[in-house]
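S.K.: One structure, pasted below without further comment.
The values are calculated or read from the model by the stated rules, or taken from the named source; none is laboratory data. Keep in mind that what you see is a predicted model, and the values were worked out from it rather than measured. Cβ sites come from the backbone with ideal geometry, for glycine too, and all protein chains shown count toward neighbours.
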Amino acid sequence: MGARPLLNRRLAGMGTTIFAEMSALATATGSINLGQGFPDTDGPEEVREAAVRALRDGRGNQYPPGPGIPELRAAVAEHQQRFYGLSYDPDREVLVTAGATEAIAAALLALLEPGDEVIAFEPFYDSYAACIAMAGAVRVPLTLRQPAFRPDLDELRSLITPRTRLLLINTPHNPTGTVLTAEELAAIAELAVEHDLLVITDEVYEHLVFTGAHHPLAALPGMRERTVAISSAGKTFSFTGWKVGWVTGSPELVAAVRTAKQYLTYVSAGPFQYAVAEALRLPDAYYDDFRAELRRKRDLLATGLADAGFRVFEPQGTYFITTDITPLGEKDGIEFCRELPARCGVVAIPNAVFYDNTDIGRSQVRFAFCKRESVLREAVERLRGR
Ligand SMILES: Cc1ncc(COP(=O)(O)O)c(C=O)c1O
């Protein structure tokens, strides 16, 4: 095939995601997988049954409408009103996607021109870098530094150039668990308005906040018309395999994202969309219990990791804990994570892969706690004996 590489220049070096590599290692070694962020128990039985019913009743087995079934779009709009007092028109301001992943891809592909700069918190969720690259745009990291992992807002201001088009904000933040405060969000909103920037907010962990509260950026003055907000049923209802996500935003933004989305998947997950419409309407008790359960698991794993000698950075949200392995006499998280399954049968993710400035995250390792408590206990035992 000649000397030219098959993989194009935009994706060069992106290879296999770290999650695929580590999950394969988990399977090969029979390890406990605290790497990839998926729960090891399914979400509510009634939601699963709603999917079965839809499938049996022949609802969603053929292409659903491009923007998503009306029932789900209405349920998303109700959810934004119920939890945040935000009002969206289900017909023009809500779009159903194949998970948050497609929403992120479609939004970036729709809104960016080649050469545009996108500022995003580093460590980045891995699809951000790939999608920004596929759009031909340039990622500009705003580094969250341990131990606090707060964004430096003066640094954010200094990163804005005439080429900056978009801020990609993830709160609650994977992998650090940082939840932006009302003050931080207000400062970000002010900068976005001042510099006329578009904003994408990745809010997939909106219902997993243990300290403080989740505030959507779109609720702030001047933000509704410039913000594409993204969320995911996978995270909120523990059905990550269904890949149902959604976008809310102004009619113009949603139309732009829909234009890209229709040529990515067009539609997906027909019967599951009916089930997620029901899930979103679950009573407050569901959301409260889910959060309380994950908080217990966070505490269990955080205590266990600290007992095992890790430096633990307590997350305010998400289902991940970032640690530092320096107190264990280790330096390199990538090496550590590659060896850990053979050493003690546990899989984790090195945060270095989420940084452009890999040195900053070199000694950080991330553990997922969205697993059964017995599994977390066993993992902690194994890590103690490492
Ligand atoms: C920050 C963040 N955004 C998006 C996603 C992807 O969500 P989905 O599974 O709905 O595509 C994840 C999944 O881990 C995530 O952590």
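S.K.: Of the conditions (1) within 16 Å of the ligand (Cβ to nearest atom); (2) under 20 Å from the mean Cα position of the chain (by Cα); (3) among the aliphatic types (A, V, I, L, M), residue 198 fails just one. Which one is it?
M.R.: For residue 198, the exception is condition (1).
S.K.: Out of all the residues in the stretch 143-162, is one or more modelled with pLDDT of 95 or more, at positive phi and small (Gly, Ala, Ser)?
M.R.: No: the stretch 143-162 contains no residue that is modelled with pLDDT of 95 or more, at positive phi and small (Gly, Ala, Ser).
S.K.: Here is a further query. If you scan the stretch 65-82, which residues turn out to be among the aliphatic types (A, V, I, L, M) and part of a helix (DSSP H, G or I)? Outline the logic, then answer.
M.R.: Step one: of the stretch 65-82, the residues among the aliphatic types (A, V, I, L, M) are 69, 72, 74-77.
Correct list: 72, 74, 75, 76, 77.
S.K.: Restricting attention to the stretch 211-223, and to residues there that are among the hydrophobic types (A, V, I, L, M, F, W, C) and away from the ligand (no atom under 16 Å from the Cβ), which single residue is surrounded by the most Cβ atoms within 10 Å (Cβ to Cβ)? Even if it seems obvious, please write down each step before you answer.
M.R.: The initial filter retains those residues of the stretch 211-223 that are among the hydrophobic types (A, V, I, L, M, F, W, C), namely 213, 217-220, 223.
Restricting the remaining residues to those that are away from the ligand (no atom under 16 Å from the Cβ) gives 213, 218-220, 223.
Values: 213: 11, 218: 23, 219: 17, 220: 19, 223: 21.
Going through the qualifying residues, I end up with 218.
S.K.: Sticking with this structure for a sec: Among the residues of the stretch 104-133, count how many are part of a helix (DSSP H, G or I), more than 11 Å from the ligand (Cβ to nearest atom) and within 21 Å of residue 191 (Cβ to Cβ).
M.R.: Number satisfying all stated conditions: 4.
S.K.: Take residue 318 and tell me if it is at pLDDT 95 or above and surrounded by fewer than 19 Cβ atoms within 10 Å (Cβ to Cβ). Working first, answer last.
M.R.: Working: at pLDDT 95 or above: yes; surrounded by fewer than 19 Cβ atoms within 10 Å (Cβ to Cβ): no.
So residue 318 fails the test.
S.K.: Something else now. Looking at this structure, is residue 187 in contact with a Leu (Cβ under 7 Å, 6 or more places away or on another chain), surrounded by fewer than 19 Cβ atoms within 10 Å (Cβ to Cβ) and not in a strand (DSSP E or B)? First the steps, then the outcome.
M.R.: Details: in contact with a Leu (Cβ under 7 Å, 6 or more places away or on another chain): yes; surrounded by fewer than 19 Cβ atoms within 10 Å (Cβ to Cβ): yes; not in a strand (DSSP E or B): yes.
Yes, satisfied.
S.K.: Additional query: Which condition does residue 175 not pass, out of (1) within 16 Å of the ligand (Cβ to nearest atom); (2) assigned to a strand (DSSP E or B); (3) in contact with a helix residue (DSSP H, G or I) (Cβ under 8 Å, 6 or more places away or on another chain), if it passes all the others?
M.R.: So residue 175 meets the others, but not (2).
S.K.: Give me a count of the residues in the stretch 319-333 that are assigned to a loop (DSSP other than H, G, I, E, B) and in contact with a strand residue (DSSP E or B) (Cβ under 7 Å, 6 or more places away or on another chain).
M.R.: First pass over the stretch 319-333, keeping only residues assigned to a loop (DSSP other than H, G, I, E, B): 319, 325, 329-332.
Within this subset, residues satisfying the condition of being in contact with a strand residue (DSSP E or B) (Cβ under 7 Å, 6 or more places away or on another chain) are 319, 325.
Here the count works out to 2.
S.K.: Give the number of residues within the stretch 2-25 that are touching a residue at least 12 places away in the same chain (Cβ under 8 Å) and either among the acidic types (Asp, Glu) or within 16 Å of the ligand (Cβ to nearest atom) (or both).
M.R.: Of the stretch 2-25, the ones touching a residue at least 12 places away in the same chain (Cβ under 8 Å) are 10-11, 14, 17-19, 22-23, 25.
Keeping just the survivors that are either among the acidic types (Asp, Glu) or within 16 Å of the ligand (Cβ to nearest atom) (or both) gives 17-19, 22-23.
Looking only at that region, the number is 5.
S.K.: Within the stretch 270-285, does at least one residue satisfy the condition of being β-branched (Val, Ile, Thr) and not in a helix (DSSP H, G or I)? Break it down stepwise before answering.
M.R.: Step one: list which residues in the stretch 270-285 are β-branched (Val, Ile, Thr), which gives 276.
Subset that is not in a helix (DSSP H, G or I): none.
There is no residue in the stretch 270-285 that is β-branched (Val, Ile, Thr) and not in a helix (DSSP H, G or I).
S.K.: Additional query: Any residue at all in the stretch 222-229 that's at positive phi and of a type in the set (Asp, Glu)? Show your work before the answer.
M.R.: Step one: list which residues in the stretch 222-229 are at positive phi, which gives 222.
Keeping just the survivors that are of a type in the set (Asp, Glu) gives none.
No; the residues of the stretch 222-229 include none that is at positive phi and of a type in the set (Asp, Glu).
S.K.: Filter the stretch 83-103 down to the residues that are closer than 19 Å to residue 47 by Cβ, in a helix (DSSP H, G or I) and within 14 Å of the ligand (Cβ to nearest atom) and list them by number. Give the steps one after another, and end with the answer.
M.R.: Step one: list which residues in the stretch 83-103 are closer than 19 Å to residue 47 by Cβ, which gives 83, 96-100.
Narrowing further to those that are in a helix (DSSP H, G or I): 83, 99-100.
Result: 99, 100.
S.K.: OK, next. Can you pull out the residues in the stretch 234-253 that are surrounded by fewer than 24 Cβ atoms within 10 Å (Cβ to Cβ) and more than 18 Å from the chain's Cα centre (by Cα)?
M.R.: Matches in the stretch 234-253: 250, 251, 252.
S.K.: Residue pairs, Cβ under 8 Å, 6 or more apart or interchain, first in the stretch 204-225 and closer than 11 Å to residue 318 by Cβ and outside the structural domain of residue 187 (by TED's automatic domain parsing), second within 16 Å of the ligand (Cβ to nearest atom) and modelled with pLDDT of 95 or more. List them.
M.R.: Pairs found: none.
S.K.: Among the residues that make up the stretch 43-64, is at least one of them assigned to a loop (DSSP other than H, G, I, E, B), over 19 Å from the mean Cα position of the chain (by Cα), within 29 Å of residue 370 (Cα to Cα) and more than 16 Å from the ligand (Cβ to nearest atom)?
M.R.: Start the filter on the stretch 43-64 by keeping residues that are assigned to a loop (DSSP other than H, G, I, E, B), which leaves 43-44, 57-64.
This time we only want the ones that are over 19 Å from the mean Cα position of the chain (by Cα), so: 44, 57-64.
Those left that are additionally within 29 Å of residue 370 (Cα to Cα): 44.
Keeping just the survivors that are more than 16 Å from the ligand (Cβ to nearest atom) gives 44.
Yes, the stretch 43-64 contains at least one residue that is assigned to a loop (DSSP other than H, G, I, E, B), over 19 Å from the mean Cα position of the chain (by Cα), within 29 Å of residue 370 (Cα to Cα) and more than 16 Å from the ligand (Cβ to nearest atom).
S.K.: So, one more: Taking the condition assigned to a helix (DSSP H, G or I), over 19 Å from the mean Cα position of the chain (by Cα), more than 16 Å from the ligand (Cβ to nearest atom) and surrounded by 22 or more Cβ atoms within 10 Å (Cβ to Cβ), does residue 192 pass? Before the answer, list the steps.
M.R.: Details: assigned to a helix (DSSP H, G or I): yes; over 19 Å from the mean Cα position of the chain (by Cα): yes; more than 16 Å from the ligand (Cβ to nearest atom): yes; surrounded by 22 or more Cβ atoms within 10 Å (Cβ to Cβ): yes.
Yes, satisfied.
S.K.: Among the residues of the stretch 254-269, which ones are surrounded by fewer than 24 Cβ atoms within 10 Å (Cβ to Cβ), within 16 Å of the ligand (Cβ to nearest atom) and outside any helix (DSSP H, G or I)?
M.R.: The answer is 264, 265, 267, 268.
Okay, residues lined up against (1) surrounded by 17 or more Cβ atoms within 10 Å (Cβ to Cβ); (2) in the same structural domain as residue 218 (by TED's automatic domain parsing); (3) of a type in the set (A, V, I, L, M, F, W, C); (4) modelled with pLDDT of 95 or more:
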{"residue": "14", "(1), (2), (3), (4)": "no, no, yes, no"}
{"residue": "23", "(1), (2), (3), (4)": "yes, no, no, no"}
{"residue": "38", "(1), (2), (3), (4)": "yes, no, yes, no"}
{"residue": "51", "(1), (2), (3), (4)": "yes, yes, yes, yes"}
{"residue": "76", "(1), (2), (3), (4)": "yes, yes, yes, yes"}
